[in-house]
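Trainee: The structure is given below, and queries will be raised subsequently.
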Amino acid sequence: PAAPATQNAAAPTTQTATSYFSHLGVDQLFTDNSIEKWIILLVAITIALTLGRIVSFILLRIAKRLESHQWNAQACLFSGLAAPAALAIFAFGLSIGLGYIKLRDALPAITARILMLLYLIAIFWYAFNLVSVVEVGMRAFARRTDTKLDDQLVPIIRKSLRVFIVVIGALFILQNVFNRDISAWLAGLGIVGLAVSLAAQDSLKNLFGSLTILFDRPFSMGHRIKYSGYDGTVTEIGFRSTRIMTLDGSQVTIPNSAIVNDPVENMTARGSFKRVVNITVPQDTSAAKVREAVDI
């Protein structure tokens, strides 16, 4: 009597799985499509994979050639496109092969979403790699300056841009591929951003102060400045503070948020120094000697 009970207990699970695949239209795939159509799909996938590898190889060779000529930004454009192009070509070949396959019920919608997912991943992957082009430009700009602030700023901007692209890509895919409502996600991100900004208010002020110093350039490394009674040479410009070495040998650390809001006198930027000197000459000095003294 136990055997029929076991069979009856397992029956609902098997029936549920069968009905689920029947709803998707999987059980009609092999009955509606001949072996020739499956071979066409396999050939299309194989050709797409091979063509993707070839295109990726060509793009990487072009990138190496450009890099050998010191065209680093153009090299990043081609090298960053290699892998996303291979993925996009594979998705295109898969779509061509699936065009010969007869799909029923929910399978056409599922395959369309899969193809859209592959294309979107390729697009955002290439955008993710394009950050390297921005990094090359920023590093070229940083090499022309004598401060280390922009050198430290380059990796932070690179990581921030890539995180931003990943978040935007994930939200875009959730909304357009999986039909998810991202309004709650956006509201949550806004609340988290507000909380972080309030908690790190002073740090953000100093960070924006450092950016103001970087782009406005009221002074640079090695300049002698006067600020709030301090007179010294700028030794370091960081994200939080600026350090100066005073004339008596003391090191003073000034928050960047304060130094950009108060007057700073840049002694090095002055082209000349005004001096008022009283010179006395004997009363019997001739006019020619006085003119000679003025000339000297």
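The values are calculated or read from the model by the stated rules, or taken from the named source; none is laboratory data. As the structure is a prediction and not an experimental result, all values here were calculated from the model. When we count neighbours, we look across all protein chains shown, and the Cβ atoms used for this are built from the backbone with ideal geometry, even at glycine. Accessible surface areas use protein heavy atoms only, side chains included; no ligands, DNA or RNA. Shrake-Rupley method; radii C 1.70, N 1.55, O 1.52, S 1.80 Å.
Trainee: Apply 1/(1 + (r/R0)^6) to the Cβ-Cβ distance of Ala293 and Arg270, taking R0 = 30 Å, and write down the FRET efficiency to the nearest 0.05.
Mentor: 0.70
Trainee: Along the range 274-281, what does the Karplus equation 6.51 cos²θ - 1.76 cosθ + 1.60 (θ = phi - 60°) give for ³J(HN,Hα), rounded to whole Hz, x for Gly and Pro?
Mentor: 7, 10, 9, 10, 9, 10, 9, 10
Trainee: Mind giving me the nanometre distance, one decimal, between the label points for Met116 and Lys159, set 7 Å out from Cα along Cα→Cβ?
Mentor: Going by the 7 Å Cα→Cβ label model, 3.4 nm.
Trainee: For the range 70-145, what log10 I(q)/I(0) values come out of the Debye formula at q = 0.15 1/Å, with one point per alpha carbon and no solvent?
Mentor: -0.62
Trainee: What FRET efficiency comes out for the pair Val192/Ile39, r = Cβ-Cβ distance, R0 = 45 Å, nearest 0.05?
Mentor: 0.30
Trainee: What does the accessible area of Trp125 come to, in Å² to the nearest 10, when a probe of 1.4 Å is used?
Mentor: Its accessible surface works out to 100 Å², give or take rounding.
Trainee: Another question, if that's okay. When you take every Cα atom in the range 161-296, what is the radius of gyration, and what is Dmax, the widest Cα pair distance, in Å?
Mentor: Spelled out, the Cα radius of gyration and Dmax of the range 161-296 are 27.9, 101 Å.
Trainee: On to the next question. Which length gain, in nm to one decimal place, applies between Val133 and Asp262 when the Cα-Cα distance is subtracted from 0.36 nm times their residue separation?
Mentor: 42.8 nm
Trainee: Could I have the simple spin-label model distance between Val277 and Arg243, label points 7 Å from Cα toward Cβ, reported in nm to one decimal?
Mentor: Using points 7 Å along Cα→Cβ, the separation is 3.8 nm.
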